[in-house]
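Student: Below is one structure. I have some questions about it.
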Amino acid sequence: MNEKDIKNLEEIFEQRIARDEKIEPKDWMPEKYRQTHIRQISQHAHSEIVGMLPEGNWITRAPTLRRKVALLAKVQDEAGHGLYLYSATETLGITREELYEQLHSGKAKYSSIFNYPAITWADMGAIGWLVDGAAIINQVALCTTSFGPYARAMVRICKEESFHQRQGFEILLTLCNGTEVQKAMAQDSLNRWWWPSLMMFGPPDAESTHTEQSMKWKLKRKSNDDLRQQFIDQTIPQAEILGIKVPDPDLKWNEKRKSYDFGEIDWEEFWQVVKGHGPCNKERINARIDAWEKGVWVRDAALAYAEKQSDKKLNKAV
Amino acid sequence: MKNKNLYNYILGIADNSLILGQRLGELCGHGPNLETDIALTNISLDLLGQTRNYYQYIARLHDKEKTEDDIAFLRSEREYINVLLVEQPNTHFGFVMARQFFYDVFHLMLMEKLQESKDETLSAIAKKAIKEVSYHFRFSSDWVKRLGDGTKESHYKMQEAVDELWRFTDEFFHLTEADKAMIEAGIGVDVSNFKEAYYIKVSEILTEATLSIGASKYFQKGGKQGIHSEHMGFILTELQYMQRTYPNMKW
Ligand SMILES: [Fe+2]
Ligand SMILES: [Fe+2]
């Protein structure tokens, strides 16, 4: 293909996206589109499975049987999300092994929020309410993204995430209607998770890279700051229902903007965690590597057994 | 309590599900791949769901007002009467599968018979559980075959697990006083009737998996009397952590 042909293909491709057509794995796509999507979708998949760890930690300690079952089911949903998303990434011509390799080596990123420790039962509430809540805001926009498998995965995932968010809120509501100790536990948890949740929307627009391209490909539909504002405006009334306070002395309703003004985010902390130096970055990656390495013999056995079985079938057929 | 025997009979079945469900819950997020992780979580969810059905039922038999959570979380170690097998640790994936397999074969046979119980609630629980347990059995026996007849390493590891856990299989068939009374009443299942069938089934699958059958003739017991292995205290420490630290609260 000469340069002119490629240019032509690219134009047709961009027009298809502009017309809201879905791009499917077998369609021609620019290499940059493929690479960007591998990066973004796998990063999303990694977030799902690393995200299982902080909550998974509490399964054995959940306070009631009902909560234990609900938490198990929630963490299992996240595994399911990881599975759809890895499958969507694989359609772009990369294997799951390669993707894991990128996660384990630190080449691929995942959502930084999971590098914070879940240290009380209230954190199971705060994670569902805030973290799944922020994830929904990021993901709803992706239900109409240009890459078909990603868009379809998002539709399924968003439904489950809103269930998780309600479940998280309900955990906190129970605590807030409970004893003083429980209410204090809920407040403490909000204090610790509030700012990291705001950071989930990424750096401020002024510092955000490759936004324009992402907008064109519908990987992004609103800016980081807009999404963050939307999250805050939606969450504050919910905190009021709970009767706990967001740890921001500068938070104030702005009548003119019909939005909340809020205080300065500690971007230094954000970059520290992104770069791998958050409270649990090492633990999370080690846990993933550990599970993967301990599973080698199991996966090898499954493969060897499957081969033996198909050999047996072949021999019978002959 | 009027129905002490019924209570204890059901407790014995339910505690097995609780403790095995708890053990499997430890693995969530740490499986050898996502597919097995999801499947093991499913089994844990099924077992805990069954546990709740049993506990909710027997909570009503209590004289004092009790909930499923009082029964699940607020007993002393000596009052849990699960068999020793289900409390054994997740040493490696081979142990997880061997433990599951030994339990599933028994559990499936038990549920098949429990469907015929004169106690309608129990029979209904068994009817619902049987679908789940048949899936557990298929899953674990497939893995026993895969690991037994997979690679040299997996064969070795699976054999190791089978040999170590074999000694806990006999306890399934011990009858407590409550068991005997409930068999008499047509409510409980006389598990000793299918002991032979159990070992035939287990041997069949182990043989297909190219594994040799547990050699030891010495078996362990005690769980049904509340005399547990040293693992149990640690399981309960986690299980009961919240209820013990923050008593009398709603969650
Ligand atoms: Fe998710
Ligand atoms: Fe979620």
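The values are calculated or read from the model by the stated rules, or taken from the named source; none is laboratory data. Keep in mind the model is a prediction, meaning the values are calculated, not measured. In this analysis, Cβ positions are derived from the backbone assuming ideal geometry, glycine residues included, and neighbour counts consider all displayed protein chains. Just so you know, the surface numbers come from the protein's heavy atoms only, side chains and all, with ligands and any DNA or RNA stripped out. Shrake-Rupley method; radii C 1.70, N 1.55, O 1.52, S 1.80 Å.
Student: What does the extension gain come out to for A:Q230 and A:V155, with contour length at 0.36 nm per residue minus their alpha carbon separation?
Tutor: Here the segment from A:Q230 to A:V155 would lengthen by 25.0 nm.
Student: Follow-up. Quickly estimate the mean residue ellipticity at 222 nm for chain A, helices only: each DSSP H run with n ≥ 4 gives -39500 (n - 2.57), and the total goes over all residues, rounded to 500.
Tutor: So the calculated ellipticity at 222 nm is -21000 deg cm²/dmol.
Student: Something else about it: What is chain A's relative contact order, in percent, from Cα pairs under 8 angstrom and six or more apart in sequence?
Tutor: Relative contact order for chain A comes out at 18 percent.
Student: Given the pairs A:K245/B:K66; A:K68/A:K220; B:K64/B:K180; B:K152/B:K201; B:K118/B:K221; A:K222/A:K252, which span a C-alpha to C-alpha distance of over 31 angstrom in this model?
Tutor: Beyond 31 Å: A:K245/B:K66; A:K68/A:K220.
Student: So what's the net charge close to A:K222: Lys and Arg +1, Asp and Glu -1, counting the other residues with Cβ under 12 Å from its Cβ?
Tutor: +1
Student: Shifting gears a bit: How large is the accessible surface of A:E240 in square angstrom, using a 1.4 angstrom probe and rounding to the nearest 10?
Tutor: Its heavy atoms expose roughly 120 Å² to the probe.
Student: Separate question: From the mean inverse distance of alpha carbon pairs (Kirkwood) and the Cα radius of gyration, derive Rg over Rh for the range B:84-201.
Tutor: A ratio of 1.02.
Student: Mind checking Rg over Rh on the range A:149-292, alpha carbons, Kirkwood formula for Rh?
Tutor: Here the Rg-to-Rh quotient is 0.99.
Student: So, one more: Let me know the charge dipole size of chain A about its Cα centre in debye, to the nearest 20, where only the beta-carbon of Lys, Arg (+1) and Asp, Glu (-1) is charged.
Tutor: With Lys and Arg at +1 and Asp and Glu at -1, about 1000 debye.
Student: Using modelled amide H (1.01 Å from N, peptide plane; none on Pro or chain starts), what sits under 5 Å from the amide H of B:K221, excluding residues fewer than 5 places away?
Tutor: none
Student: Report the local net charge at B:G186: Lys and Arg +1, Asp and Glu -1, summed over other residues whose C-beta lies under 11 Å from its C-beta.
Tutor: Surrounding charge for B:G186 is -3.
Student: Here's a follow-up. Roughly how far apart, in whole Å, are the Cα centres of the range B:183-251 and the range B:17-34?
Tutor: Spelled out, the Cα-based centre of one part sits 16 Å from the other.
Student: Compute the distribution of all C-alpha to C-alpha distances in the protein assembly as shown, in bins of 20 Å from 0, and list the percent of pairs in each, rounded to whole numbers.
Tutor: So the P(r) values, bin by bin, are 19, 46, 29, 6, 0.
Student: Another one. Quick one: longest stretch of chain B between exposed loop GluC sites (Glu not before Pro), exposed meaning at most 13 other C-beta atoms within 10 Å and loop per DSSP?
Tutor: B:117-229
Student: Translational D (Stokes-Einstein, µm²/s) of the range A:237-315 at 4 °C and 1.567 mPa s when Rh comes from the Kirkwood sum over C-alpha pairs?
Tutor: Here the translational diffusion coefficient equals 71 µm²/s.
Student: If you don't mind, there's one more thing I want to ask. Kindly list the residues of the range A:113-156 that lie in the label zone of A:Q238, defined by a backbone N under 14 Å from the point 7 Å along the Cα-to-C-beta vector.
Tutor: Residues A:124-140 qualify, since their backbone N sits under 14 Å from the label point.
Student: Measuring from the lowest to the highest alpha carbon on each principal axis, how far does the range B:4-245 reach, largest first, in angstroms?
Tutor: 56, 42, 32
Student: Normalised by the number of residues in chain B, what is the relative contact order in percent for Cα pairs under 8 Å and 6+ residues apart?
Tutor: The value is 25 percent.
Student: For the range B:163-233, report the translational diffusion coefficient in µm²/s to the nearest whole number, using Stokes-Einstein at 37 °C, 0.692 mPa s, and a Kirkwood Rh over Cα pairs.
Tutor: Translational D for this selection: 235 µm²/s.
Student: Let me ask something else about it. For the range A:164-217 and the range A:38-75, what is the separation of their Cα centres, given in Å?
Tutor: 16 Å
Student: For peptide A:46-53, how many partner chain Cβ atoms fall within 10 Å of a residue's Cβ, on average?
Tutor: Partner-chain Cβ atoms within 10 Å, mean over residues of A:46-53: 2.
Student: Helix-only mean residue ellipticity at 222 nm, chain B, DSSP H runs n ≥ 4 weighted -39,500 (n - 2.57), per residue, nearest 500. What is it?
Tutor: Computed mean residue ellipticity for chain B: -21000 deg cm²/dmol.
Student: Grab the beta carbon distance between B:K195 and B:Y135, set R0 = 25 Å, and tell me the FRET efficiency rounded to 0.05.
Tutor: The value I calculate is 0.55.
Student: Could I ask something else about it? Along the charge dipole of chain A, Cβ charges K/R +1 and D/E -1, which of A:H164, A:V69, A:W271 sits furthest on the positive end?
Tutor: Checked the options; the winner is A:V69.
Student: How far is helix B:195-208 tilted off the main Cα axis of chain B, in degrees rounded to 10, range 0 to 90?
Tutor: 30 degrees
Student: Still on this structure: With the cut-off at 29 Å, tell me which of the pairs A:K4/A:K216; A:K22/A:K313; A:K109/A:K183 have Cα atoms farther apart than that.
Tutor: Distance filter (> 29 Å) returns A:K22/A:K313; A:K109/A:K183.
Student: Continuing with this model, one more query. Subtracting the Cα-Cα distance from 0.36 nm times the residue separation, let me have the gained length for B:K221 to B:R60 in nm, one decimal.
Tutor: In short, 55.0 nm is gained.
Student: How large is the dipole of the protein assembly as shown about the Cα centre if only Lys and Arg carry +1 and Asp and Glu carry -1, each at its Cβ, rounded to the nearest 20 debye?
Tutor: I would put it at about 760 debye.
Student: For the range A:1-153, just run the numbers: alpha carbon Rg, then divide by 2.2 N^0.38 Å, N being how many residues it has.
Tutor: Against the empirical 2.2 N^0.38 Å value, I get 1.24 for the range A:1-153.
Student: Which residue, A:S310, A:S223, A:Y260, has the largest displacement toward the positive end of the dipole of the range A:222-316 when charges sit on each Cβ (Lys, Arg +1; Asp, Glu -1)?
Tutor: Looking along the dipole axis, the top candidate is A:S310.
Student: Work out the FRET efficiency for B:S229 and A:S223 from their Cβ-Cβ distance, taking R0 = 60 Å, and round it to the nearest 0.05.
Tutor: Efficiency computed from Cβ-Cβ geometry: 0.55.
Student: Now, a different point. At 4 °C and 1.567 mPa s, what whole-number value in µm²/s does Stokes-Einstein give for the translational diffusion of the range A:70-112, with Rh from the Kirkwood sum over Cα pairs?
Tutor: 113 µm²/s
Student: Can you pull the percent of Cα pairs in chain A with separation above 37 Å?
Tutor: Result for the distance tail: 23 percent.
Student: Please report, in debye to the nearest 20, how large the charge dipole of chain B is about its Cα centre when each Lys and Arg carries +1 at its beta carbon and each Asp and Glu carries -1 there.
Tutor: 360 debye
Student: Something else about it: Given the options B:T67, B:S44, B:N8, identify the residue whose Cα lies farthest towards the positive end of the charge dipole of the range B:1-91 (+1 on Cβ of Lys, Arg; -1 on Cβ of Asp, Glu).
Tutor: B:N8
Student: Here's another thing I want to ask about it. Which trypsin sites (Lys or Arg not before Pro) does the range A:229-318 hold that lie in a coil by DSSP with at most 16 other beta carbons within 10 Å?
Tutor: Here the trypsin sites (Lys or Arg not before Pro) that fit, given the DSSP loop and packing criteria, are A:K245, A:K256, A:R257, A:K258.
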